[in-house]
Every structure is written in C-alpha cells, then in structure tokens.
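The values are calculated or read from the model by the stated rules, or taken from the named source; none is laboratory data. Not measured: the values here are computed from a predicted model. Glycine also receives a Cβ, built like all others from the backbone with ideal geometry; neighbour counts cover every protein chain displayed. For accessibility, only protein heavy atoms count, side chains too; no ligands or nucleic acids. Shrake-Rupley method; radii C 1.70, N 1.55, O 1.52, S 1.80 Å.
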Amino acid sequence: AAGAALALSASCVTPMDLSAAGAERVRGPIPTRIMQPAGLIFPANRPRRAALLEEGEARATAEIFYASIFERVVRPLDASAFDGEIARGSLTLQYAPADGVEVVLEPTVLFASSGFLDSFVDGFHSITGFAGGGREEFPRDRYSMYLQRDGEVAWELAEDELRFGDLPITVVSRIREEDRDGPAVAARFTIELPTGDEERGTGSGGIDAAAGVILEQSLGRFTFYGGVDGVHVDQPEAFQRAGIDVRSLFSVSGGTEYRWSDRLSLLAQAVLQMPLTRSLPFEEIDREILDLGFGFAYELSDDSTLTFSFHEDAVAASGPDLTVYTGISWRF
C-alpha cells in the first residue's frame, strides 16, 4: 500500500527542482532490521551507505522499530510460537577515527507485549492481499513467544519487560570510492557482545560475529544500494540442549533512492534473509524472509534527517506481518 502510494505520487506530480547540493545529498538507504523475534538475539548487518563519514566526523541516530507478528504452530513436544508485538529501540553511534574507516556502536533495548495492532494488520492484509499466516482465525491481541523442541524450551521472550539487547560493534573499511569506473565498495566486520539477558530472551549469551560487503552507485537523482552479509553464531546453550542448530545466517539486500527535492528522498528496498534454523520442520521458523520496505527520508536541517518506513514479509511464513521504522539522525 505504501509502495502504491509512492508510485501514484511520482506519476501524478512533477518532482521539485534540485539544487546542485540537493542532488548530491544521499539520504538512504532504510537501515532495515528484520524483526523476527528469536533472530533478534543474533547480529544483523543492516543496509547502509558504502560511502563513509569524513575523518573526525560523527553521527548519532535514534531509532525505533515496532513490529506485529503472528507465526504460530504448537505441537505436544515441539513449538514455534511468535504471536505478539515487539518494540526495539537503539541509539546508533558512528565515528570516523581515520580516513576510510568507521566505527559503529548500537546499544539497544527490547520490549514485547500482546500489543494493539491485530485489527489494523488484519485490515491491511484484507486490502492489500498479503497473506496473514492464519492470524485471522485466532483471538486478537494475545501473546506467546517461544521455541521448543522435544519438550525443551530453547528460547522464550518475556512479556512486558524492558531489557537490554546484545551490543554490536562494527568496523567499516572503504575498499574503493565511487567514480566513473564503478560504485563505492566497503567491507564491514561486526562483533556482538553478550550484554542482553539470555534467560529473558534478549541475548544469545555468547560472542557472535558478522561480516559483509556493501555497494553504492548514484546516477543523477537515483542512488542504488546493495549488500551481502553473513553471520557466525556462538550457539546458545539453551539451543544446544533443545537440539536446535543455528550456526550461520546469510542475507542479501538491494534498494533504490529517488531524490524528489532538496530535502526529500523516496526509498524502496528488499532484504532476503535465509532461515534461522532447519531443526524445526515448521514454516514459521524454517523459511526465508523477504522484507519489502517503502518509505522516505526528509532533511529536518542541514545536519539532521528523519527516516520513516513500512515493511512487510512478502513470503508470509517466518517474518513479521508488519513493521514500522522511525529514525532521526544528527551529524556532528
């Protein structure tokens, strides 16, 4: 629905003129984090620019994700139950200590509840035709978040509790700058420290690692983004006891920005994430997630930008039914 609205606006209204400075201001991509509840305890390298901050420059971004999910199957001994809503808040801090290098910290908090969006999401799926995963057949605004195999609970997220998540620390290194011969390319490496609460479902209890490559190419009003990332997981003890294997995760992303005016960009992108685990034979946990996002970035001032987006899992098997992202960034 959001994508259709953006397309209609683009076809019916002539874009505002861009100044030279406005044409160069890249405001995307959407820094998507797929809100699969059990997957939140592991690192995920989110879409970002391949162009780095200048040496000595810093940026802070206050962000909130809010997601509604219903992916639920419960058997006598095995279960993959994700029914509720999750808020994830973070303060992403970026700093360039040297030319071609960035360091990024992302402290986070998580809060899960039965929520209030079920009626809205049911209506959204009815209008757009997206699959609802059977949520319309169950009572609304209920809560259950856990994984179980052979009677052993591998993961459970506590309800109505505000808890810290694990802390990812990322180093981004420039490989090449964008020029006439090709796109900007950068590599990134992440270590996630166990600052979350493993027993309450907001941390993995171990040190996880991720690495990837990101690309960026601008053509006039358009900028195109891409990325490939992999995650190596330090298997949580509870997962080991339950016989649920989560060894490595893989994702690929691509997106487009269209600079509508000196201050406004329209954003669209897709992120394909491989299944969290194959140890439970339920599509609610062992299917890929295709996150489609549509939104905008608006410059509040020369040094601050507001980004807003809607997200939907096009596969409608393991991912959230609806996610809303809001972020405000400041450059120092």
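Relative to the longest principal axis of the Cα atoms of the chain, helix 118-128 runs at roughly 60 degrees.
Springs join every pair of Cα atoms under 10 Å in this Gaussian network model of the chain, and among PRO76, PRO47, PRO320 the largest mean-square fluctuation is at PRO76.
What is the distance in Å between the Cα centres of the stretch 81-101 and the stretch 246-265? With the stretch 81-101 and the stretch 246-265 each reduced to a Cα centre, they are spaced 15 Å.
Taken as Cα centroids, the stretch 136-191 and the stretch 33-64 sit 10 Å apart, rounded to the nearest whole angstrom. Which of the following values of Cα Rg over 2.2 N^0.38 Å was calculated from the structure shown: (1) 0.99; (2) 1.13; (3) 1.04? Recomputing Cα Rg over 2.2 N^0.38 Å here picks out (1).
When a 1.4 Å probe is rolled over the protein heavy atoms, the share of accessible surface on the chain that falls to carbon and sulfur comes to 57 percent. Once you've got the GNM for the chain with C-alpha springs shorter than 10 Å, pick whichever of SER80, SER68, SER261 has the biggest mean-square fluctuation. Residue with maximal mean-square fluctuation among SER80, SER68, SER261: SER261. Think of the chain as a dipole: +1 on every Lys or Arg Cβ, -1 on every Asp or Glu Cβ, centred on the Cα centre; then among HIS232, PHE111, TYR95, TYR95 lies furthest on the positive end. Rounded to the nearest 10 degrees, the angle from helix 2-12 to the longest Cα principal axis of the chain is 30 degrees. Between TRP330 and ASP302, the distance separating the two model label sites (each 7 Å from Cα on the Cα→Cβ line) works out to 1.7 nm.
Counting only Cβ charges, +1 for Lys and Arg and -1 for Asp and Glu, the dipole size of the chain around its Cα centre is about 580 debye.
Could I have the simple spin-label model distance between GLU55 and ARG142, label points 7 Å from Cα toward Cβ, reported in nm to one decimal? Roughly 6.0 nm, to one decimal.
Here the calculated FRET efficiency for GLU178 and ASP150, from their Cβ-Cβ distance with R0 = 56 Å, stands at 0.60, rounded to the nearest 0.05. Taking the chain as a Gaussian network of alpha-carbon nodes connected by springs under 10 Å, the highest mean-square fluctuation of the residues GLU159, GLU312, GLU192 belongs to GLU159.
Packing order of peptides 167-175, 201-209, 55-63, highest average first: 201-209, 167-175, 55-63 (average count of other Cβ atoms within 10 Å over each peptide's residues).
Could you tell me which of rounded, prolate or oblate describes the stretch 179-312, using a ≥ b ≥ c as the square roots of the eigenvalues of the alpha-carbon gyration tensor, with rounded for a/c under 1.5 and, failing that, prolate when a/b is larger than b/c and oblate otherwise? Verdict is prolate for the stretch 179-312. Accessible surface for the chain, divided over its residues, is 44 Å² per residue with a 1.4 Å probe.
Note on ASP234 and ARG75: the extension gain reaches 54.5 nm, defined as 0.36 nm multiplied by sequence separation minus the Cα-Cα distance. Between ASP286 and THR195, the contour length at 0.36 nm per residue exceeds the alpha carbon distance by 30.1 nm.
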